[in-house]
Amino acid sequence: MTCRKACKLMPLFAGDDLGPRRTRAVRAHVGACPACRRELEELREALSRFKAAATAESVPDWSEGEWKALMVRAAGGTARGGAEKGAWGGRALLPRWAAASALGALIGLAVLSALLRGPGPGPADRPEPPLALADAGRAQDVVSMTMVSQETGLQIVWFLDRNFDYKGEQE
Amino acid sequence: MVLSGRAEAFEPLVTPYRGPILALAYRLTRDREDAREVAQEAFLKAFRSLGRFDLSRSFRNWLFQIAANEARDRLRSAKRERAAFEAAAREGTAAGTAPAPEAGRERRETRSGIMRALDALGRREREVFVLRDLQELDIRETARVLGCSSISVRVNLSSARRKIREAIRRDFPHLEEQR
């Protein structure tokens, strides 16, 4: 094992949180590498000091009155109801469930409406080319390209023939 | 008894965990007031959900799970509130009204250095670190409480320990010097 790999695994090794195979590998490396051994000692020392400081730190506690009031509130909650949904499943999960169902129904409706509507308008339904291009040949031989300026909103339609030769334009 | 609906049996059941749950809530929220509310809500939810408690599980870990979820929800809504407050404060400043000097600081507490070191961790890292290293759950229990994989716990734990070590080096050099 390389020092780099050992250092990567060091935080988990320091807390005995590696699997047996890796634990053996890191232990063997640390046994043979003074730099990694020092690193491990420092890490363990820092974590143990942190834990000691955290344990000694004052954390809030319940006053007896608060605790009793909480227990009374809990008991009151049962009396109110069985009717009250479990906060765990009921209140938290029902809206998600309802939203998912609504979304599913919407998607279903959209798919159904797309299927019932049938195919879109065919080439026969397309508008005729402008009169100005009547001499450009048969309608299906004309290709139009519409350019829209985002700044001015101006539209220009270019008409091209089947060989993509320019045939005219219309604003 | 409590599973069969006897409310008076609930108190002896949860009393051994009143301190640990409040401590967990405090370490996750880093605010005494929030911690108290989180712990209260966790106990109330536990009571209401007792019917769904899986008897094969550890009751303590189940309580921890409820408290950790509650703390996460609390932190999320606090973050949203803070963002809304900051947006409102920015608008107020833009409109020429000076923000109240104490605004936003009302609930801030003087935090100990330890808590500042925990601040260096991301949400998941802090949850994993607090449960594994301070509450002393093992990796599997921690994963179960947090509803994630053991691999995720290991990844976050490794990163959290590394950051804590760096924070101690940076903020508590005297601890290093004592070596």
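Taking 7 Å steps out from each Cα toward its Cβ at B:Ser149 and A:Ala100 produces label points 2.1 nm apart. Taking label points 7 Å from Cα along the Cα-to-Cβ direction, A:Gln155 and A:Arg44 give a separation of 7.8 nm. Highest-first packing order for the peptide set B:23-30, B:144-151 is B:23-30, B:144-151, based on the mean count of other beta carbon atoms within 10 Å. Inter-chain Cβ neighbour count for B:33-44, averaged per residue, equals 3 (cutoff 10 Å, partner chain atoms only). Residues A:Met71, A:Met145, A:Met1, A:Met10, arranged from fewest to most other Cβ atoms within 10 angstrom of their Cβ, appear as A:Met145, A:Met1, A:Met71, A:Met10.
Computed from the coordinates by the stated procedures, all read-outs in this text should not be read as laboratory data. Just so we're clear, the structure is a prediction, and the values are computed from it rather than from any experiment. With ideal geometry, Cβ positions are generated from the backbone for all residues, glycine too; neighbour counts draw on all protein chains shown.
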